[in-house]
Amino acid sequence: MARLSGFLRNPFSFLFAGSAKEERIAAYVIREHERGRPLSEILEDPYVRNRYSKDELARMLERPEVVRALGKTVVETEQKRLS
């Protein structure tokens, strides 16, 4: 019932909200990068590879919070590698 009332209050909220899976993966990537691991290594982790397709990874790398946390240059380099 709560989901229905939330939908009725803002029927287009789904357009702007990421999935819980996307949130968890983005948080994992940011956390691991802050620990000093290179992005290319993090994206090869089974945790990431088993949950994300190549297209989903590319979309995740466009998220503003990921770009801010990792740096634009790091993200652009990895996006080129994924292409």
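Any idea which residue in the stretch 21-68 is modelled with the lowest pLDDT, counting only those that are among the polar types (S, T, N, Q) and not in a helix (DSSP H, G or I)? The extreme case among them is Ser53. One residue stands out among those in the stretch 65-81 that are closer than 13 Å to Ile30 by Cβ and in contact (Cβ under 8 Å) with a residue 12 or more places away in the chain: the one that is surrounded by the fewest Cβ atoms within 10 Å (Cβ to Cβ), which is Glu65.
The values are calculated or read from the model by the stated rules, or taken from the named source; none is laboratory data. Note that the structure is a prediction, hence the values are computed from the model and not measured. Here Cβ is always computed from backbone atoms with ideal geometry, including for glycine, and neighbour counts include all displayed protein chains.
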